[in-house]
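Q: Have a look at the structure that comes next, please.
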Amino acid sequence: MTVNTTHWGKVAVLMGGTSAERDVSLKSGRAVLTALLNQEVDAIGIDTGVGSLLEKLTENSYDHVFIALHGRGGEDGTVQGLLEQLGLPYTGSGVLGSALAMDKYRTKLVWEGLGLPTPPCVLLTEKTDFNNVVTKLGLPLMVKPASEGSSVGMSKVNDVVEIQQAYELAKQFDQVVIAEKYISGVEYTASIVQNQSLPIIRLETPRVFYDYEAKYSDNTQTRYICPSGLAPDQETTLQQLALQAFLAVGATGWGRVDLMCDATGQAWLLEVNTVPGMTDHSLVPMAAKAAGIDFDNLVLQILAST
Ligand SMILES: Nc1ncnc2c1ncn2[C@@H]1O[C@H](COP(=O)(O)OP(=O)(O)O)[C@@H](O)[C@H]1O
Ligand SMILES: [Mg+2]
């Protein structure tokens, strides 16, 4: 794709922020900034975790904003709302899609309402009888904060007596905590750019699940397999399901849908990421590469979704 990069004017790349994923976001932001500068786009990085974002966005005259913020206070609709108010076009999902996708619980309610497959779950509160949770979901099960990323605060629970501790841990990260039926099977992730599905990546980790270590430590032997090894019709089915799930929560432009397939081949949707990682080791760039789109070009394609 040949693009006239002066067309973008001055671009602010928002990165960092204050969420649990700050460090990953700084890496994503720097990689995006480098890609833009490589292509002679007039881009500037802004760390939103320091000082007033409103002041930073208004002290310069920007034409477009690339959001490379992960997690709350960046991926969740709040920054998107500010940019709407300032009349600045930005990458990715709007306020509604960002906010809804940030909340795994409400995302699942929307999918359930539409008949899209997602593992059954229950809300956990101080008053929940954990025995009832096990009766409903079986064991093992996953306990997760509704609004965190990078597997933060998440546990796999093998016995009813472990739920309390898993709940306490998850609650440190969000008021809303869910228990979800555990899916034993193969994990996939479907990347979406310009509302099109890229090749699916299969994930294999020797760890209990794809946790923070598996995601970000180089020595965990997590394997990313792309092409996924799925039969072409299955690959297409999962791509279509992921796109449907993405659009269902009001997400637009680009993102990533995490899903699993159980032993029977049934697919189960886990979550939508509206600002997935964008380091050169991240999954969307990997899927783009498999589709013949290099990192620099991918960044421009995402910018084109503003
Ligand atoms: N219901 C589930 N069954 C089995 N594994 C799960 C389930 N939910 C999450 N996991 C594992 O935990 C990881 C992180 O979960 P996910 O819902 O994608 O949250 P996030 O990536 O935002 O932390 C997944 O990639 C998967 O390895
Ligand atoms: Mg995930």
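Q: In percent, what relative contact order does segment 224-306 have, based on Cα pairs under 8 Å that are 6 or more apart in sequence?
A: Averaging sequence separation for qualifying contacts and normalising by length gives 23 percent for segment 224-306.
Q: Moving on to the next point. If you wrap a convex hull around the C-alpha atoms of segment 242-306 and split its volume per residue, what is the figure in Å³?
A: Hull volume over Cα atoms, normalised by residue count, gives 99 Å³.
Q: Based on C-alpha coordinates, I'd like the Rg and Dmax of segment 121-181, in Å.
A: In Å, with Rg to one decimal and Dmax whole: 10.1, 28.
Q: Right, here's the next one. Go through segment 122-135 residue by residue and turn each phi into a ³J(HN,Hα) via Karplus (6.51, -1.76, 1.60, θ = phi - 60°); whole Hz please, and just put x for glycine and proline.
A: Along segment 122-135, the couplings run 9, 6, 9, 10, 4, 8, 5, 8, 5, 5, 5, 4, 5, 4 Hz.
Q: Determine ³J(HN,Hα), in whole Hz, for all residues of segment 275-292 in sequence, where each value follows from phi through the Karplus function 6.51 cos²θ - 1.76 cosθ + 1.60 and θ = phi - 60°; x replaces Gly and Pro.
A: Karplus-based 3J(HN,Hα) across segment 275-292 equals 10, x, x, 10, 7, 6, 9, 7, 7, 4, x, 5, 5, 4, 4, 5, 8, x Hz.
Q: Take every Cα-Cα pair in segment 47-89 and report what % of them are more than 17 Å apart.
A: Percent of Cα pairs beyond 17 Å in segment 47-89: 23.
Q: Could I ask something else about it? How long are the semi-axes of the ellipsoid equivalent to segment 177-254, from square roots of 5 times the Cα gyration tensor eigenvalues, in whole Å, largest first?
A: 23, 17, 13
Q: Okay, moving on. Quick one: grab Rg to one decimal and Dmax as a whole number for segment 5-91, Cα atoms only, in Å.
A: 11.9, 35
Q: Which lysines, if any, have their Cα less than 29 Å from the Cα of LYS127, not counting same-chain residues under 8 positions apart?
A: Hits, sequence-local ones excluded: LYS104, LYS108, LYS136, LYS144, LYS156, LYS171, LYS181.
Q: Whose amide H sits under 5 Å from the amide H of ASP42, counting only residues 5 or more places off or on another chain, with H placed in the peptide plane?
A: Close amide H contacts, sequence-distant or interchain: VAL11.
Q: Quick check: pseudo-label points 7 Å beyond the Cα along Cα→Cβ at GLN244 and LEU86, how many nm apart are they?
A: Inter-label distance under the simple model: 3.8 nm.
Q: Turning to a different aspect of this structure: Count charges around GLU162 for me, please; just the other residues with Cβ under 13 Å from its Cβ, Lys/Arg as +1, Asp/Glu as -1.
A: Here the charged neighbours net out to -1.
Q: Could you work out the helix-only [θ] at 222 nm for the chain, with each DSSP H run of four or more residues adding -39,500 (n - 2.57) and the total divided by the number of residues, to the nearest 500 deg cm²/dmol?
A: It lands at -10000 deg cm²/dmol.
Q: Moving on to the next point. Along the charge dipole of the chain, which of THR58, SER93, MET142 sits closest to the positive end, that is, farthest toward it, with unit charges on the beta carbon of Lys, Arg, Asp and Glu (+1, +1, -1, -1)?
A: Going by the charge dipole, the pick is MET142.
Q: Over the alpha-carbon set of the chain, divide Rg by the Kirkwood Rh and report the Rg/Rh ratio to two decimals.
A: 0.97
Q: Output the peptides 63-69, 127-133 sorted from most to least packed, where packing is the average of other Cβ atoms within 10 Å over each peptide's residues.
A: 63-69, 127-133
Q: Whole-Hz ³J(HN,Hα) for each residue in segment 22-36, computed from phi via Karplus 6.51 cos²θ - 1.76 cosθ + 1.60 with θ = phi - 60°, x for glycine and proline: what do you get?
A: 3J(HN,Hα) across segment 22-36, in whole Hz: 3, 5, 5, 4, 4, 5, 4, x, 5, 5, 5, 4, 4, 4, 5.
Q: Can I ask one more? For SER93, what residues show an amide H to amide H distance below 5 Å, using hydrogens built from the backbone and excluding near sequence neighbours?
A: THR252, TRP254
Q: Counting only other residues whose beta carbon sits under 12 Å from that of LEU259, what net charge do I get with K and R as +1, D and E as -1?
A: So the surrounding residues net to -2.
Q: Find out how many positive minus negative residues lie around ILE201, taking Lys and Arg as positive, Asp and Glu as negative, among other residues whose Cβ is under 12 Å from that of ILE201.
A: Once all neighbours under 12 Å are counted, the net charge is 0.
Rule-based calculations on the coordinates, nothing more; no lab input. Remember, it's a predicted structure, so these values are computed and weren't measured experimentally. A quick note on method: Cβ atoms are made from the backbone with ideal geometry, for glycine too, and the neighbour counts reach across all protein chains shown.
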